[in-house]
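Undergrad: This structure is in structure tokens; I'll ask about it shortly.
The values are calculated or read from the model by the stated rules, or taken from the named source; none is laboratory data. This is a predicted model, so every value here is computed, not measured. Here the Cβ positions follow ideal geometry from the backbone for every residue, glycine too, while neighbour counts run over all protein chains shown.
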Amino acid sequence: MKIMVLNCGSSSVKFQVIETSLEAIEANTDATLARGAVEKIGLSDSRLSLEVPGRKPHQEIAEILEHRAAVERVLKVLTSQEHGILADASEIEAVGHRMVHGGEKFASSVLVTPEVEAMIEECVVLAPLHNPHNLRGLTAARSLLPNVPHVAVFDTAFHQSMPPRAFIYGLPYELYTRHAIRRYGFHGTSHRYVSIRTANLLRRPLEELRVVTCHLGNGCSMAAVDRGRSVDTTMGFTPLEGLLMGTRCGDLDPAIVSWVLAMEDVTLAQLNAMLNKHSGLYGVSGVSSDMREIEKACTTGNRRACLALDIFCYRIKKYIGAYAAAMGGVDAVTFTGGIGENSALVRSHTLSDMAFFGIELDEEANVSAPPGQEVLVSRPGTRVAVAVVPTNEERVIARDTVRVLGRVMPSFAIPGNEAPR
Amino acid sequence: MMGRSIATRVSQAGLSVVVRDITKERTDKVAELLAADLDHEIERWGLTQSEKKAILARIEFTTELPKTAGCDLLIETINEDFAAKKQLILELDAVLAPEIPIIINTSTLSISELAHGLQNPERVLGMHFLYPVTTTRVVEVVKGQVTSDDAFEKARRFVRVLGKVPIQEFESPGFITTRVVMPLINEAAHVVMEGVASAAEVDLAIKLGYDFRYGPLEWADRIGLHRVLNWLEHLFRETGEPKFRPCPVIRKLVRAGHTGATVGKGFFNYDSERSRLDRLPDDTPKLS
């Protein structure tokens, strides 16, 4: 079946059309038929781009003032004779929507009903920068494709299986009961996908494996996936916590925040921008937020670039140890995301001197890991496998859509896993 | 300064901006200062290099008035001079389509008086951006006597797009913010003049006592004492209220060219980054 996947931001709508089915999921043969985006929504020169495998990329510039018009335009180009891939919009059998935050309400992907839409609306307060736009896209798509099922897939849902000891902060408990301040974690679709693919690569059932997944892109997070369930993750109430990222600081003594606020005479907005956009690899190195640039600068002797690289890898190493302790051992460490998939140096530096732990990298396999492919880069026979698995969040959304429609997945929150209220 | 700050904020919100000034030298200077403002904000971690690029890419500079005809909304930000503003909006009225709102950026002048005699006076309304435009959350949106609901609503929506809160009000000298804050600044200056306390003590008392970000005199320095004097004189003329009669200390400082943070000296001394130099030992952040 043809699934349209939508990912709506404040001024953009990204889309893919994926051909998949329960059988294709099993055989890992689902295929992307088209992908593209509408950008600069709300302006007179909005841009729609479309890529279809084997064809020249297509672009349109037009005034697209809101999300509904953007989705309408996407449907139009997908069904156009010249550039499209569908004879009619009715070929789309379901729509999968990326939702950033499902709060504590959603522990897996769900079929969208008016009640579900209202529950997503209640999560807006937790992700005011993302959920409203996700919702706008959802509403637009439901009104334009009213006769097909719509499925919501949440970045946070996979981590809803974390126990309270992993998600409650050491703050006054009222902050949890009043404002739902707790660890939620993000990149859930990616962590889930790569843990499943790791089991496949090892030819072992996921239910037997303890996997540490490292999603290292511009945003970075790790998860402890214990027999298929996320039991801990590095990102927290927001995506700012945990690993060092391109421009985000990650773990920090919270007292630094109030100290800087008082001493530097900065506004809250400037402080937020400092932590989110001026920190991380960029803030430490002063060179770039791009790991490729950092590696290059380090090779030519830039000491701050080397330090940024060192901090980046050291934090991942620490969390591998922590998550092994949390799960009572580890069977595999999996790298994904732009950096995780492409930087042999980061993998090698992170996993150096971990033989005592059962981790031994096959340096040759690590350096020659082919891009875009699932491979093992650990020495054969070592206790802990190291895998490189390209992530594909759109594919997970399409697959979840199929599974939800086939009633393979449960919905709503996990009973018995909540903290006392 | 107000014009380039507004242009920056509008572009930051993702909208395209045309900045018009009368000569090429002036538009070049505005472009240079605007880029310097953005660099300063980057140093304060408020902005990234790529955001700066995007902001600059959306701003076009011109000396030709007809170039503004393609805009959906026009804001004038020339000096607080009635005759000059009147002349400009007469020219704009002839160039712009009748449905385009003309927004007067003023804190003291009468919108209705400025709109009088135009072909489309109903499109004229007032907007008072507060310093610093990029961070202050509020904008006063002021309805003149003949301003249409349509123009007023467009302006309010525009303020929301900028991520700010529109305060709707009817025209009155000084509107809300200037009318309320000017007597505070003036009275603080009187307290200093009477020798009750030093400027630093007066400011510290108000700042710590009422949890203000700045004391009234430092605030006046940051607004610019020449502007404060101009507003007070105008409010005094308009209302005849003695509370608006400018304190001689303010006039004295302005006459000496000590107009505040931008020139490095006003009630207090400032460095080239507009940071205050002569704080009292107790005027420091308290962490516990």
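Undergrad: Looking at the range A:233-282 only, could you name the residues that are of a type in the set (D, E, K, R), buried (at least 16 other Cβ atoms within 10 Å of the Cβ) and either over 15 Å from A:Arg183 (Cβ atoms) or within 9 Å of chain B (Cβ to nearest Cβ) (or both)?
TA: Correct list: A:Arg248, A:Lys277.
Undergrad: Can I ask one more? Identify, from the list B:Ala57, B:Ala69, B:Ala84, the residue that is within 14 Å of chain A (Cβ to nearest Cβ) and more than 24 Å from B:Arg274 (Cα to Cα).
TA: Only one candidate qualifies: B:Ala57.
Undergrad: Would you check if there is a residue in the range A:25-37 being at pLDDT below 90, of a type outside the set (A, V, I, L, M) and in contact with a Leu (Cβ under 8 Å, 6 or more places away or on another chain)?
TA: Within the range A:25-37, none of the residues are at pLDDT below 90, of a type outside the set (A, V, I, L, M) and in contact with a Leu (Cβ under 8 Å, 6 or more places away or on another chain).
Undergrad: Cβ-Cβ under 8 Å, sequence separation 6+ or interchain: first residue in the range A:71-95 and in contact (Cβ under 8 Å) with a residue 12 or more places away in the chain, partner among the acidic types (Asp, Glu) and not in a helix (DSSP H, G or I). Which pairs?
TA: Final answer for the pair search is A:Arg73/A:Glu60; A:Val77/A:Glu60.
Undergrad: List every residue pair whose Cβ atoms lie under 8 Å apart, where the two residues are 6 or more positions apart in sequence or sit on different chains, the first residue falls within the range B:267-288 and is more than 14 Å from chain A (Cβ to nearest Cβ) and touching a residue at least 24 places away in the same chain (Cβ under 8 Å), and the second residue, located anywhere, is surrounded by 13 or more Cβ atoms within 10 Å (Cβ to Cβ) and assigned to a loop (DSSP other than H, G, I, E, B).
TA: Listed by first residue and then by second, the contacts come to B:Asp278/B:Phe268.
Undergrad: Can you find even one residue in the range A:121-141 that is free of Cβ contacts under 8 Å to residues at least 40 places away in the same chain, small (Gly, Ala, Ser) and out of contact with any His (no Cβ under 9 Å at 6 or more places or on another chain)?
TA: No; the residues of the range A:121-141 include none that is free of Cβ contacts under 8 Å to residues at least 40 places away in the same chain, small (Gly, Ala, Ser) and out of contact with any His (no Cβ under 9 Å at 6 or more places or on another chain).
Undergrad: For residues that are touching a Ser or Thr at 6+ places or on another chain (Cβ under 6 Å) and part of a strand (DSSP E or B), tally how many sit in the range A:314-348.
TA: Of the residues in that region, 3 qualify.
Undergrad: Then there's this: So the check is Cβ under 6 Å with 6+ separation or different chains; which pairs have a first residue in the range B:196-207 that's in contact (Cβ under 8 Å) with a residue 24 or more places away in the chain and a second one that's assigned to a loop (DSSP other than H, G, I, E, B) and among the aliphatic types (A, V, I, L, M)?
TA: That search, which allows pairs on different chains as well, returns B:Ala200/B:Leu280; B:Leu204/B:Leu280.
Undergrad: Looking at this structure, is A:Phe186 assigned to a helix (DSSP H, G or I), under 28 Å from A:Glu115 (Cβ atoms) and of a type in the set (Phe, Trp, Tyr)?
TA: So A:Phe186 does not fit the description; no.
Undergrad: Anything in the range B:29-52 that is over 22 Å from B:Glu76 (Cβ atoms) and either surrounded by 14 or more Cβ atoms within 10 Å (Cβ to Cβ) or more than 14 Å from every other protein chain (Cβ to nearest Cβ) (or both)? List them, or say none.
TA: Across the range B:29-52, the qualifying residues are B:Ala35, B:Ala36, B:Leu38, B:Glu41, B:Ile42, B:Arg44, B:Trp45, B:Gly46, B:Leu47, B:Thr48, B:Glu51, B:Lys52.
Undergrad: Could you please find all residues in the range A:200-259 being β-branched (Val, Ile, Thr) and out of contact with any His (no Cβ under 6 Å at 6 or more places or on another chain)?
TA: Selection gives A:Val211, A:Val212, A:Val225, A:Val231, A:Thr234, A:Thr238, A:Thr247, A:Ile256, A:Val257.
Undergrad: If we keep just the residues of the range A:35-88 that are exposed (fewer than 15 other Cβ atoms within 10 Å of the Cβ) and among the aliphatic types (A, V, I, L, M), which is nearest to the other protein chains (Cβ to nearest Cβ)?
TA: A:Leu65
Undergrad: Listed residues B:Val159, B:Val141; which is touching a strand residue (DSSP E or B) at 6+ places or on another chain (Cβ under 8 Å), among the β-branched types (Val, Ile, Thr) and closer than 24 Å to B:Leu34 by Cβ?
TA: Checking each option against the conditions leaves just B:Val159.
Undergrad: Taking the condition modelled with pLDDT of 90 or more, touching a helix residue (DSSP H, G or I) at 6+ places or on another chain (Cβ under 9 Å) and not assigned by TED's automatic domain parsing to the domain that holds A:Gln373, does A:Leu22 pass?
TA: In short, no.
Undergrad: Taking the range B:114-168 as the search range and keeping residues that are outside any loop (DSSP other than H, G, I, E, B), surrounded by fewer than 17 Cβ atoms within 10 Å (Cβ to Cβ) and not charged (D, E, K, R), which one is nearest to the other protein chains (Cβ to nearest Cβ)?
TA: By that ranking, first place goes to B:Val161.
Undergrad: Can you tell me which of B:Thr136, B:Thr108, B:Thr147 is polar (S, T, N, Q), at pLDDT 90 or above, touching a Leu at 6+ places or on another chain (Cβ under 7 Å) and farther than 18 Å from B:Ile22 by Cβ?
TA: Sole residue among the options that is polar (S, T, N, Q), at pLDDT 90 or above, touching a Leu at 6+ places or on another chain (Cβ under 7 Å) and farther than 18 Å from B:Ile22 by Cβ: B:Thr147.
Undergrad: Would the range A:299-313 turn up any residue that is buried (at least 17 other Cβ atoms within 10 Å of the Cβ), closer than 30 Å to A:Ala199 by Cβ and at pLDDT below 95?
TA: No, the range A:299-313 has no match at all.
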